[in-house]
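Chemist: One structure is given below, represented as structure tokens, and several questions about it will come after.
The values are calculated or read from the model by the stated rules, or taken from the named source; none is laboratory data. Because the structure is a prediction, the values reported are computed rather than measured. Glycine gets a Cβ as well: all are built from the backbone with ideal geometry, and neighbour counts include every protein chain shown. Each accessible area value is taken on the protein alone, full model and side chains, heavy atoms only, with ligands, DNA and RNA left out. Shrake-Rupley method; radii C 1.70, N 1.55, O 1.52, S 1.80 Å.
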Amino acid sequence: MEYDPQVPTYQTSDPTSFAFISARERWPAIVTGAIDDVHRTVASLPDSEIDAVAEGKSIVAGLATLKYELQHNRALTPIPDDGQPDVAGYHAELAARGPPTWHDVEWLYSECYLYRRMATLFSRAQTPFWKSYDVFQRQKMDTFKSSRPAVLELAGRYRDIITQIRSSRDHKVINNSSGSPETEKEKEAEKMLFVEMAEICLWGNATDLSLLTSLTYEDLQKLQGSRARKESEKNVLVNDLGSAFEVLYAAQRTSQANATGPSASSRRVDIVLDNAGFELFVDLILAGYLLATGLATEVVLHPKSIPWFVSDVVPADFAALLNAMQDPKTFYAPPAAAGTKDRSGKDAVAVGAGRDTPALSDKDAELIQFLFDDWSSLHAEGQLILRPSRFWTHAGSFWRMPHTAPEVFEDLKESELVIFKGDLNYRKLTGDAAWSPTTPFTTAIGPLGPSSGIRTLALRTCKADVVVGLPEGKDEEIRKASQGDDVEARKWAWSGKWAVVQFSDGKA
Ligand SMILES: O=P(O)(O)OC[C@H]1O[C@](O)(CO)[C@@H](O)[C@@H]1O
């Protein structure tokens with residue numbers, strides 16, 4: 001039986017929840033963006049692509065219907081069958097729920113339903129062009145382009161660290177040592193670096209397309225630089241990175257001590273990914289760092305299988321990121337000269353880096369290519385692995401994992417540490433339920449908690465109501481300080497300004 005802690009879940013009918021605004025304002029805006037994207041693509045197709053043009057227009061009509069239903073609070077209808085096994089689960093749940101209407105439905109279920117339904121408009125398409133089309137892809141790469149200053153800053157830091165790690169390893173080998181840090185001081189230094197890399201990875205989650213629909217180039221840069229990260233340290237309300245480091249460090253020591261058999265030294269870290277573009281870039285920074293230090297010998301990345309919550313990673317985003325980094329001069333080239341028009345007469349150039357952004361220097365291009373070389377060889381050598389699963393786009397919480405996706409559950413037990421990135425993963429870990437904010441994280445994650453066999457680390461910037469594991473009085477204190485007398489809703493937790501880093505040792 002599924003874990004049922006009898007805690008109510010957040011609903012779109014609750015005016016004090018971010019679900020209320022999401023269903024009425026954010027989602028229609030997101031569907032409008034998708035309509036605009038398909039429309040632009042249709043306009044860019046050559047006249048000879050008669051079938052694709054016609055199908056594109058019918059997809060626009062399907063999206064417009066969805067938007068109408070959303071805005072007019074119609075009932076959620078069964079998702080058209082596209083042959084994938086998860087449709088049955090969506091149907092069963094829809095039937096069990098009523099079916100509900102858009103403005104009075106469980107937030108987690110309905111938001112997943114929204115993206116699953118949008119995906120069906122493409123997965124049921126007849127033309128190969130639309131079948132494999134990612135309606136959010138354009139936006140995902142635009143945002144990575146806009147992140148150029150932060151990308152360069154982090155690339156520089158990454159290259160220095162990796163070069164230093166490699167040279168100190170070589171130095172130790174020359175001196176006939178084991179190549180492992182031995183003193184407490186060295187351990188402390190390693191821990192500090194781990195925390196820095198993990199915090200870079202954490203704050204990469206603050207820039208999210210589904211939330212920051214009107215983000216400007218300047219806003220984005222303010223959110224991403226090292227100064228911003230330093231200033232945000234006080235906004236990490238719970239920080240269990242020390243405990244996460246200890247388990248990885250201990251596993252590394254044990255493995256080195258027993259390094260006799262061929263698999264003795266294999267240690268895996270998993271990252272359940274969230275957003276593409278800049279966030280995927282910082283996830284790879286953490287992954288590359290873990291592999292370079294030997295805190296992990298393998299990193300498994302878990303992307304979604306379908307376009308999801310606007311900016312979530314699908315496998316093609318990984319390839320797109322590496323492609324962009326392989327030829328950064330072209331990727332960061334200033335937008336094409338004005339005057340290039342598409343079929344509708346609109347400017348054909350993408351937004352992203354400003355028109356007055358200078359071309360990338362040779363030095364900066366080399367820097368990005370260093371990361372490209374590093375990550376593409378880790379991928380080619382099988383140390384950096386992509387493992388999509390349909391489970392990540394099911395509607396429910398991760399409490400269901402042992403029953404609905406036992407293969408995923410068993411697989412994650414093989415890992416030393418499973419890092420869940422972002423807000424949606426946190427909502428799914430905690431069942432998106434209205435827990436008291438002082439509920440222990442280990443309780444809220446139910447079957448993924450103590451003695452599950454899975455070590456869970458949530459790296460989450462808060463963008464929704466649910467929050468657990470806070471010290472007594474903290475929620476009230478932040479409500480008062482940031483919301484004044486308007487304390488009924490937990491608005492402070494909606495913007496990505498605050499974060500929680502929470503750990504559960506399911507192997508203890
Ligand atoms: O990309 P992230 O961090 O999962 O954020 C997505 C989350 O943000 C929201 O879009 C707004 O809270 C949620 O719907 C979703 O949980």
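Chemist: When the residues of region 71-89 are filtered to those that are within 28 Å of the chain's Cα centre (by Cα) and among the hydrophobic types (A, V, I, L, M, F, W, C), which remaining residue is surrounded by the most Cβ atoms within 10 Å (Cβ to Cβ)?
Modeler: Top of the filtered list is LEU76.
This table checks each residue for (1) buried (at least 16 other Cβ atoms within 10 Å of the Cβ); (2) at pLDDT below 80.
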{"position": "SER147", "(1), (2)": "yes, no"}
{"position": "LEU154", "(1), (2)": "yes, no"}
{"position": "ARG159", "(1), (2)": "yes, no"}
{"position": "ILE162", "(1), (2)": "yes, no"}
{"position": "SER168", "(1), (2)": "no, no"}
{"position": "ILE174", "(1), (2)": "no, yes"}
{"position": "SER177", "(1), (2)": "no, yes"}
{"position": "GLU184", "(1), (2)": "no, no"}
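Chemist: On to the next question. Quick check on my filter: what residues within region 130-145 are assigned to a helix (DSSP H, G or I), over 20 Å from PRO334 (Cβ atoms) and open to solvent by 30 Å² or more (accessible area, probe 1.4 Å)?
Modeler: LYS131, GLN137
Chemist: Within the group GLU476, GLU410, GLU472, which residue is part of a loop (DSSP other than H, G, I, E, B) and more than 16 Å from the ligand (Cβ to nearest atom)?
Modeler: Details: GLU476 fails: part of a loop (DSSP other than H, G, I, E, B); GLU410 fails: part of a loop (DSSP other than H, G, I, E, B).
Just a single option satisfies the conditions, and that option is GLU472.
Chemist: Among the residues of region 254-263, is any out of contact with any helix residue (DSSP H, G or I) (no Cβ under 8 Å at 6 or more places or on another chain), of a type in the set (Val, Ile, Thr), at pLDDT 85 or above and surrounded by fewer than 17 Cβ atoms within 10 Å (Cβ to Cβ)? Break it down stepwise before answering.
Modeler: Of the residues in region 254-263, the ones out of contact with any helix residue (DSSP H, G or I) (no Cβ under 8 Å at 6 or more places or on another chain) are 254-263.
With the extra rule that they be of a type in the set (Val, Ile, Thr), the set shrinks to 254, 260.
From the residues that got through so far, the ones that are at pLDDT 85 or above too are 254.
Pick out the ones that are also surrounded by fewer than 17 Cβ atoms within 10 Å (Cβ to Cβ) and you get 254.
There is at least one residue in region 254-263 that is out of contact with any helix residue (DSSP H, G or I) (no Cβ under 8 Å at 6 or more places or on another chain), of a type in the set (Val, Ile, Thr), at pLDDT 85 or above and surrounded by fewer than 17 Cβ atoms within 10 Å (Cβ to Cβ).
Chemist: Pick from region 1-12 the residues that are within 16 Å of the ligand (Cβ to nearest atom) and among the hydroxyl-bearing types (Ser, Thr, Tyr): which of them is surrounded by the fewest Cβ atoms within 10 Å (Cβ to Cβ)?
Modeler: Going through region 1-12, the residues within 16 Å of the ligand (Cβ to nearest atom) turn out to be 9-12.
Applying the additional criterion that residues be among the hydroxyl-bearing types (Ser, Thr, Tyr) yields 9-10, 12.
Numbers: THR9: 16, TYR10: 23, THR12: 26.
Once the filter is applied, the top-ranked residue is THR9.
Chemist: Moving on. Out of all the residues in region 436-444, is one or more within 16 Å of the ligand (Cβ to nearest atom) and closer than 30 Å to THR12 by Cβ?
Modeler: Yes, that holds for at least one residue.
Chemist: Considering each of TYR10, TYR68 in turn, give the residue that is of a type in the set (Phe, Trp, Tyr), within 27 Å of the chain's Cα centre (by Cα) and on the phi < 0 side of the Ramachandran plot.
Modeler: Working: TYR68 fails: within 27 Å of the chain's Cα centre (by Cα).
Result of the check over TYR10, TYR68: TYR10.
Chemist: If you check ILE35, ILE21, which single one turns out to be free of Cβ contacts under 8 Å to residues at least 60 places away in the same chain and within 14 Å of the ligand (Cβ to nearest atom)?
Modeler: Numbers: ILE35 fails: within 14 Å of the ligand (Cβ to nearest atom).
Within the list ILE35, ILE21, the selection yields ILE21.
Yes/no per residue for (1) of a type in the set (Phe, Trp, Tyr); (2) within 16 Å of the ligand (Cβ to nearest atom):
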site	(1), (2)
VAL60	no, no
HIS72	no, no
THR77	no, no
GLY83	no, no
TYR109	yes, yes
TYR113	yes, yes
TRP130	yes, no
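Chemist: Next question, about the same structure. If only one of LYS428, LYS491, LYS497, LYS480 is surrounded by fewer than 20 Cβ atoms within 10 Å (Cβ to Cβ), in contact with a strand residue (DSSP E or B) (Cβ under 9 Å, 6 or more places away or on another chain), in the same structural domain as VAL300 (by TED's automatic domain parsing) and more than 18 Å from PHE245 (Cα to Cα), which one is it? Write out each step before concluding.
Modeler: On the way: LYS428 fails: surrounded by fewer than 20 Cβ atoms within 10 Å (Cβ to Cβ); LYS491 fails: in contact with a strand residue (DSSP E or B) (Cβ under 9 Å, 6 or more places away or on another chain); LYS480 fails: in contact with a strand residue (DSSP E or B) (Cβ under 9 Å, 6 or more places away or on another chain).
Just a single option satisfies the conditions, and that option is LYS497.
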